[in-house]
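A quick write-up on the structure given underneath.
Just so you know, all these numbers are worked out from the coordinates, no wet-lab data involved. Keep in mind that this is a model prediction, so the values were computed, not measured. Don't worry about glycine lacking a Cβ; one is built from the backbone with ideal geometry, like all the others, and counts go over all protein chains shown.
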C-alpha cells in the first residue's frame with residue numbers, strides 16, 4: 001500500500017504509525033478497520049483472524065479437537081497441544097496482513113461455526129498469545145498499520161497514539177452477526193446469536209491474560225445506530241487531525 005500523504009510512512013513501529021481498534025465481537029471492528037486502512041493508505045491487520053487460524057489448525061489435530069469439543073476445560077492439555085501445533089506449523093502474515101499457515105491463506109475456513117465456537121478458548125492461552133503478539137509487533141515494523149482486536153491498545157501497542165474502542169448493544173451486534181451468517185449460508189435464531197455473543201463477551205472480559213477492556217486513553221465509540229461510513233469518517237478525521245497537530 002502507498003502511505004497517505006497526510007500521514008508519513010514509518011520503517012519501525014512508532015506511536016504515530018499504529019492505529020488500534022479494539023472492541024467486542026460484532027461491534028464493527030473488521031469492516032471499519034479495513035475502510036480506515038484504505039483511506040489512510042495503511043496496512044490492515046486483523047488479529048482475530050490470527051487466533052482463528054490457530055484454532056482452525058488445532059481443530060485439524062484429532063487430540064486437540066477432542067479437547068476443544070469436550071468443552072476446552074483442560075487448560076494445561078490445551079496449552080500443550082497449542083505449543084505442539086505452533087512448533088510444527090508455520091504461522092505468518094502476507095504482505096496485506098492476511099494470516100497464513102505453512103504459506104497458505106485459510107480464508108473462509110476461519111469463519112466456520114466450529115471455529116466460532118472454540119476461538120475464545122484458544123485466544124485465552126498464553127502459549128498462543130505470546131507468539132501471536134510477537135508476530136503482530138513484527139508486522140508493525142513494515143510500516144503504518146491499522147490493527148484490530150481486543151487488546152491492541154492495552155497490551156500489544158500500549159504506546160500507540162491513535163486508539164479507538166468500538167462497542168454496540170448486544171441486540172445490534174446480534175443483528176449484524178445474523179447478516180454475516182446469512183451471507184455464509186448459516187441460519188440461526190437471533191436469540192441464539194445473542195446468547196453466543198454474551199458468552200464470548202464474558203470469556204473475553206474475564207480471561208486472565210490480556211482481557212478485553214477499553215484503554216484509558218482510547219476514544220470510545222458506540223456504533224449502535226451509526227453507519228459504517230460515519231464511524232470511519234470520525235476515526236480518519238481524528239487520526240489526520242492529531243497528526244497535523246490539531247488535537
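Figures for the structure shown
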{"quantity": "Mean separation of Cα contacts under 8 Å, 6 or more apart, over the residue count of the chain: relative contact order %", "calculated": "33"}
{"quantity": "Cα long-axis angle, helix 190-206 against the chain (0 to 90 degrees, to the nearest 10)", "calculated": "80"}
{"quantity": "Value at 222 nm in deg cm²/dmol, rounded to 500, when DSSP H runs of n ≥ 4 in the chain each add -39,500 (n - 2.57)", "calculated": "-15500 deg cm²/dmol"}
{"quantity": "DSSP bridge orientation in the chain - percent antiparallel, rounded to nearest 5", "calculated": "20"}
{"quantity": "Taking 163, 29 and counting other C-beta atoms within 10 Å, the order from fewest to most", "calculated": "163, 29"}
{"quantity": "Prolate/oblate/rounded call for segment 119-238, Cα gyration tensor, a/c under 1.5 rounded", "calculated": "oblate"}
{"quantity": "Label-point separation in nm, residue 74 to residue 114, each point 7 Å along Cα→Cβ", "calculated": "1.9"}
{"quantity": "Label-point gap, in nm, between residue 220 and residue 203 - each point 7 angstrom along Cα→Cβ", "calculated": "2.5"}
{"quantity": "Distance (nanometres) between label positions extended 7 Å along Cα→Cβ at residue 138 and residue 65", "calculated": "2.8"}
{"quantity": "Helix axis angle, 75-88 relative to the chain longest principal axis, alpha carbon, degrees", "calculated": "70"}
{"quantity": "Sorted by Cβ density within 10 Å, fewest first, the residues 130, 112", "calculated": "130, 112"}
{"quantity": "Of 201, 217, 180, the one that fluctuates the most in a GNM where the chain has Cα springs shorter than 10 Å", "calculated": "180"}
{"quantity": "With Cα atoms, 0 to 90° folded angle of helix 29-40 axis to the chain main axis", "calculated": "30"}
{"quantity": "Order of 197, 209, 221, 21 under a 10 Å beta carbon neighbour criterion, fewest first", "calculated": "209, 197, 221, 21"}
